[in-house]
Amino acid sequence: MAEPVILSARGLNFYYGPAQALRDVSLDIPARRLTSLIGPSGCGKSTFLRCLNRMNDLIPGARAEGSLTFHGREIYRRGQDVTELRRRIGMVFQKPNLFPMSIYDNVAYGPRLHGVRSRTALDETVERALQAAAIWEEVKNRLRRPALGLSGGQQQRLCIARALAVEPEVLLLDEATSALDPISTARIEELLEELKGRYTLVLVTHNLGQAARLSDRAALFLGGEVVEQGSRIFSMPRDRRTVAYLTGSLA
């Protein structure tokens, strides 16, 4: 039985002004699975990731052509509520981007932005998000302390908690462990394993070992194109370019 698809691209092209970053990309993202986007720097994987919640809208001159859908509806349609889209499709960046406020207020920021005012509801949301991000036990006695006082790995898990606090369906992770030490990276990987049955995760990573360990599916980007995708890309690659990339011999 085919896995339900939550995000789908068909013939997607993307431009930064005159420069084309994505070329005729067709790719399905299954629900409640982890899909890794791999490939060399500048190949279009982060651009594609940012198309999924329209973060590229913030770049002057950027534009998309083709089809990109979320639950079968066009993401770039006229009248799309981009704020609501980004609530449902959250994002965690390469480096922790916490606000200069308390641990509690970082996590409560999104729910407050979306209209939650009840202190009881906020307390419950903050605790639930911190537990989901596997950091509650480490911070529960210092919620009013500055978030920037946490370690790098804790800050990244707090960023994940902040994203989860608004109850998204999809979580985008743009090289979320590349700035972390090996111990913190392992902890984030354990967390992603726990989350992927409940959320749809899309992970951009240069770490092929990480992608092979975590992925249910993967897609290889080269030159703005998807050259191969699927659940067996690491064990049984079909395209010679995939073999070359995975073995480090890509010219």
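The values are calculated or read from the model by the stated rules, or taken from the named source; none is laboratory data. The structure displayed is predicted, hence computed values, not measured ones. FYI the Cβ positions are ideal-geometry reconstructions off the backbone, even for glycines, and counts take in every protein chain you see. Only protein heavy atoms, including side chains, enter the accessible area calculation; ligands, DNA and RNA are left aside. Shrake-Rupley method; radii C 1.70, N 1.55, O 1.52, S 1.80 Å.
Worth pointing out:
- Shape analysis of the chain places it in the prolate category; the axes a ≥ b ≥ c from the Cα gyration tensor give an a/c of at least 1.5, with a/b above b/c.
- For the chain, with +1 on Lys and Arg beta carbons and -1 on Asp and Glu, the positive-most of 115, 48, 170 along the dipole: 115
- Assigned charges on the beta-carbon of Lys, Arg, Asp, Glu; the chain dipole about Cα centre (debye): 340
- Accessible area of region 95-144 belonging to carbon and sulfur atoms, whole % at 1.4 Å probe: 49
- Taking trypsin sites (Lys or Arg not before Pro) across region 160-206, the ones in a DSSP loop with at most 12 further Cβ atoms lying within 10 angstrom of their Cβ are 198.
- When a 1.4 Å probe is rolled over the protein heavy atoms, the share of accessible surface on region 30-88 that falls to carbon and sulfur comes to 45 percent.
- Highest-first arrangement of 3-15, 34-46, where packing means the average Cβ count within 10 Å: 34-46, 3-15
- The value obtained for region 105-251, namely the Cα convex hull volume divided by the number of residues, is 130 Å³ per residue.
- Dimensions (Å) - region 196-239, Cα atoms, principal axes, largest first: 31, 22, 17
- Cβ-derived FRET efficiency at R0 41 Å, residue 41 paired with residue 144, nearest 0.05: 0.55
- Using the Cβ of residue 31 as centre and a radius below 12 Å, the other residues enclosed give a net charge of +1, where K and R count +1 and D and E count -1.
- Compactness of region 148-235 - radius of gyration and Dmax, Cα, Å: 13.7, 43
- Residue-normalised accessible area of the chain, expressed per residue, 1.4 Å probe, Å²: 47
- Residue among 156, 94, 229 with the largest mean-square fluctuation in a Gaussian network model of the chain, springs linking Cα atoms under 10 Å: 94
- Result for the chain in a Gaussian network model with C-alpha springs under 10 Å: among 226, 116, 166, the largest mean-square fluctuation is at 116.
- Shape of region 19-84, Cα gyration tensor, a/c cut at 1.5: oblate
- Taking Lys and Arg as +1 and Asp and Glu as -1, the other residues whose beta-carbon sits under 14 Å from that of residue 155 total +4.
- Computed over the chain, relative contact order equals 27 percent, with contacts defined as Cα pairs under 8 Å that lie 6+ residues apart.
- Rounded to the nearest 10 degrees, the inclination of helix 103-113 to the longest alpha-carbon principal axis of the chain is 70 degrees.
- Neighbour net charge for residue 10 - beta-carbon separation under 15 angstrom, K R +1, D E -1: -2
- Relative contact order [Cα under 8 Å, 6+ residues apart], region 7-96, whole percent: 34
- Among beta bridges from DSSP that stay inside the chain, the antiparallel ones total about 60%.
- Candidates 233, 29, 89, ranked by Gaussian network fluctuation over the chain, Cα under 10 Å, top entry: 233
- Placing R0 at 51 angstrom, the Cβ-Cβ distance between residue 120 and residue 212 gives a FRET efficiency of 0.70 after rounding to 0.05.
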